[in-house]
Amino acid sequence: MSLFEKLNKIDVNKHKKKKGQFDYLSWPLAIQELLKVCPDATWEVHEYSNEDGLVAPYMTTNAGCFVRVSVTCEDVTRSQVHPVTDNRNQTIAQPTAQDINTSIQRCLAKAIALHGLGLYIFAGEDLPEPDALNSKQRGELLAVVKKLNNKSLETDILHKASTLKINVRNFDVSIEKLNEMIKDKEKK
């Protein structure tokens with residue numbers, strides 16, 4: 001059995017975390033599980049020279065900042081490049097040291113996944129995250145739900161908007177359903 005097959009069979013679902021609508025594998029747990037199977041595994045955070053000649057663990061491009069991590073297991077090296085993003089997966093124009101560190105750790109977990117560990121977790125990650133409602137849409141949503149005079153429903157709707165379960169893609173349908181609820185309530 002290949003190392004990939006061994007790592008790919010490990011169930012890491014109990015270690016999954018959620019970021020927006022996506023699941024991810026926490027980097028310390030990815031390392032822990034990797035080293036159980038491949039104790040000689042190594043990794044490298046790639047460094048880049050900036051325009052001032054200083055070396056940094058990220059590169060800056062017109063599209064944003066990126067980090068790169070390579071993981072070597074049993075003489076096989078796999079690399080992952082990861083953008084420096086915020087908690088909504090949006091590129092950060094002026095990242096802090098913490099933003100860069102967070103992206104390096106995410107990149108490390110993904111580079112480990114390329115060897116098989118938890119690769120299935122990232123399967124849907126290339127799907128774009130839906131856009132959050134703008135303030136006008138949030139106001140409209142809140143105004144409609146308030147007409148139902150149901151605090152529990154209002155809380156639920158606001159939570160769904162903040163977690164992007166209600167987003168720009170399904171905003172019109174959400175408003176439509178709430179308006180139907182209002183009509184049903186008025187009929188009674």
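Going down the list LYS17/LYS165; LYS17/LYS183; LYS17/LYS160, which pairs span over 29 Å between their C-alpha atoms? Pairs exceeding 29 Å: LYS17/LYS183.
Nearest 20 debye, what's the magnitude of the dipole of the chain about its Cα centre given +1 on Lys and Arg Cβ and -1 on Asp and Glu Cβ?
That gives the chain a dipole magnitude of about 1200 debye.
Inter-part distance, the stretch 114-188 to the stretch 1-16, computed on C-alpha centroids, equals 34 Å.
Across the stretch 61-188, Cα pairs under 8 Å and at least six residues apart give a relative contact order of 19 percent. Available extension along the chain between GLU140 and SER26 is 37.3 nm, counting 0.36 nm per residue and deducting the alpha carbon span.
Among 137-147, 176-186, the peptide with the highest mean count of other Cβ atoms within 10 Å heads the list, and the full ranking is 137-147, 176-186. Amide H contacts of VAL76 (H built 1.01 Å from N, in plane; Pro and chain starts excluded): no residue 5 or more places away or on another chain comes under 5 Å.
The slack between ASN150 and THR61, meaning 0.36 nm per residue of separation minus the straight C-alpha distance, is 27.2 nm.
Looking at THR96, HIS15, PRO39, which one has the Cα that reaches farthest to the positive end of the dipole of the chain (charges on Cβ: Lys, Arg +1; Asp, Glu -1)? With unit charges placed on the Cβ atoms, the residue in question is HIS15. Using the Kirkwood radius over Cα pairs, work out the Stokes-Einstein diffusion coefficient for the chain at 20 °C and 1.002 mPa s, in µm²/s as a whole number. This corresponds to a translational diffusion coefficient of 111 µm²/s. Full extension of the chain between LYS160 and VAL173 yields a length gain of 3.3 nm, computed as 0.36 nm times the residue separation minus the alpha carbon distance. Take the Cα of ASP40, step 7 Å toward its Cβ, do the same at LYS16, and the gap between the two points is 3.4 nm.
Every read-out reported here was derived from the displayed coordinates using simple, explicitly stated rules and does not represent laboratory data. Remember, predicted model here, so these are calculated numbers, not experimental data. No Cβ is skipped: glycine too gets one built from the backbone with ideal geometry, and neighbour counts run over all protein chains shown.
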